[in-house]
1. Please calculate how many Å² of accessible area segment 62-169 carries per residue, with a 1.4 Å probe and no DNA, RNA or ligand atoms counted.
2. Taking the solvent-accessible surface of protein heavy atoms with a 1.4 Å probe, what is the per residue accessible area of segment 323-400 in Å²?
3. With every protein chain present, what is the per residue accessible area of segment 504-571 (1.4 Å probe, Å²)?
4. So if each residue of separation counts as 0.36 nm, and I subtract the Cα-Cα distance between THR71 and ILE289, what length gain in nm does that give?
5. How large is Rg over Rh for segment 294-396, taking Rg from the Cα atoms and Rh as the Kirkwood inverse mean of 1/r across Cα pairs?
6. Return the sequence-ordered ³J(HN,Hα) values of segment 432-449 in whole Hz as given by the Karplus equation 6.51 cos²θ - 1.76 cosθ + 1.60 applied to θ = phi - 60°, using x for Gly and Pro.
7. Whenever you get a sec, compute what percent of the accessible area on segment 281-359 sits on carbon and sulfur atoms (1.4 Å probe).
8. Where the accessible area of segment 55-187 is counted over protein heavy atoms with a 1.4 Å probe, how much of it, in %, is carbon and sulfur?
Amino acid sequence: MMDKTNDFSLANLPPEGHPKVGEFFYSLWQASLTERRRLELEERWMENHRLFRGDHHRLNRRIANKNKKKTTINLLFANIIRTVANITARNPVAEVISTDGMEDGTDILVSQKIKNWWNDSEQSISLAKSALANEIYGITTEKSVYDQKQKRTDTIVLDTFSAFPAPGYFEEWNDCPYFCHAYPMNNALVAQMFGLTDKDLVEGDDVYNLLGEDREDNRPIPAGTYVGSQNYPGNYTPVQHPKYGTTQVGGEGRALVVEIWVRDYATEQVETQAEAQPVINPDTGLPAIDPMTGMPIMEPVVEVTEQSKYPGNIRVVTLTNGGKLVLDDKGNPNVNPALPREIAAKTYLYDHFPFYKANSYEDTTSVWGFASAEQVGDINLEIDEIVTRITNYIRRVTNPPLIIPKDTGISKEMITNQAGLILRPVSTVAAQGIRYLQVPNLPSNFFEALETLVKFFDRVSAIEDADRGDVPNRVVSGAAIAALQERGAVLIRSKIRAIDYLVRQRGRCAISFLQNFGIFPELITVQGETKQIIGVDLAGREFNYLVESGSTVSKTSLQVQEQAVKLYEMGAIDREALLENLNFPSWKQVIERVGEGQLGQAISILVQAGLPQDMAQMLYQQLSLPQGGPGNKTQDAAAQQQQPQEANEAGYMNAPGSQGPQMMPKTMQGQVQ
């Protein structure tokens, strides 16, 4: 039989256990690395990071005399930090909806579950980190994983240098035929995690340069170190790079682990037990009858069907040692193997890679997009140059050159900066030649040029005055300020859409993990009612995660308060919503007090209409019980269940957690009498 190992391709992948698995899949990663270097992405990302960190003059490479007085005005840094803070200022407003037509309230429970997960796992922090990477490099990639220890979904923000998609243009990473995630790992930990034997030696690799760890060089020199200090030499020795394949921890090596997610359409045959069929008598052509029971003789039927070998046609191969050592080769790990295929197929991650991306600015010819540093970096450098010249001019004006003719008899060694310096020229005529050099005035258009460049920077970066907190004159209303901020949000709409997409993907992956691995019951409280939810019981249900567009963007509280007042005057919202939006101090207690007063007035009207006093007292007691309102204090539920309710002397039952009967207020009692 002819060897077809050289015929392996994305359409004909080597099967598990084949000796060519490591070599072939490592070649896929090398193809992605080659494509990335062909596009010079690593150089672009390094330059973007250098500008962001303020190393505009490469001072940390080698300090030359001409760079000692360079000044950096890092407007790019300010713009990136402002943008990230703006688009990740609030928690997203999102909800889970059922798309299978079943309206039993389960989507509300899942919505609350995802909301609790978002807060408990601090997703807002990692979202801000992802947005920062997006603004620096022009792209961010996230990976959703299930934490078996915490029993919850976790979101990993991949370093840009660690993502290796298949060559080509794809709208989403899920459209790629394969996607590689490369990361460094301690050799001993690799052997421990994957259960390697002593003969499987894990080798170190040059992960420092390959994964862009040399970006630690991109930082400005601390102030004053360009002339030498007690901490830094005058030439400022750069960071010492670790040796090839080693780390600082115990001298152990670091291996390059490559995780490759690939579409594998291999199939397999499975046997299933079908409904038993009667045995046919060959002589009569009728079902054979058991003479002992008089019943037809039944025989089991085994059906052989063909299905995809890997759930969702997703296969994961993990390599190290340059592909010479295969650490793992398995099917989609994000699908519970105990679930039937037809049930698991309805979960989101069944046929989706757990990777997704967002771009700061889209490029219709590249999946990588681009960052703002590529558009305004040169302008920022020109601003640095002008400010440097201005500061150098001021320094020259305050300390101008001193002209001392040679015939004065004063040598250079005699001149110091000490106070009370006395110089003795040889004659009065010679002394008249000692003078300061007249420094020309700074051109008047210097500051105009600087202002023009700053305006160009803002215009290209789409920065409005309201974005910086500057409010134009005579603009005082919240609505007007909000209108200015809304215009600024329109200019960065692409960034807002990117954040919304990341939030949607996180929610969809969290729901999928809940349906696959949520085997433990959880208590979810929604609208004061506590219900139990088990994730795997929801497998087979179809949900979607919807995010309100722009809900994470900062919003002025003054605008919300003005809207709340107008809506309350129109009768569109109640008193509770008004006070909550106004953030009125102790607004929950205010709601309760107002409610108690209204209850007393209502009981008084009933008594005047003929309701007996005893029944009025009992009715007031019942209506005064905790109803889960905003002003109720938290009570110990266990103590309430264990403490029996005892009747008081008047025959009324004490309210749970109270020391006595709920009596009507004295003011209301007077009205009743």
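The values are calculated or read from the model by the stated rules, or taken from the named source; none is laboratory data. Note that the structure is predicted; figures quoted are calculated from it, not measured. Cβ coordinates were reconstructed from backbone atoms using ideal geometry, including for glycine residues, and neighbour counts include every protein chain displayed. These area figures cover heavy atoms from the full protein model, side chains too; ligands, DNA and RNA do not enter into them. Shrake-Rupley method; radii C 1.70, N 1.55, O 1.52, S 1.80 Å.
1. Numbers: 5040 Å² over 108 residues.
Heavy-atom SASA per residue in segment 62-169 reads 47 Å².
2. Details: 3610 Å² over 78 residues.
For segment 323-400, the per-residue accessible area is 46 Å².
3. Working: 3490 Å² over 68 residues.
Ligands and nucleic acids excluded, the figure is 51 Å² per residue.
4. On the way: separation 218, 0.36 × 218 = 78.48 nm, distance 10.05 nm.
Fully extending the segment from THR71 to ILE289 adds 68.4 nm.
5. Working: Rg = 29.6 Å, Rh = 20.7 Å.
Rounded to two decimals, Rg over Rh is 1.43.
6. Residue by residue, segment 432-449 yields 5, x, 7, 7, 8, 6, 6, 7, x, 5, 5, x, 5, 7, 4, 6, 5, 5 Hz.
7. Numbers: 2260 of 4020 Å².
So the carbon and sulfur contribution to the accessible surface is 56 percent.
8. Using a 1.4 Å probe with all protein chains present, segment 55-187 comes out at 51 percent carbon and sulfur.
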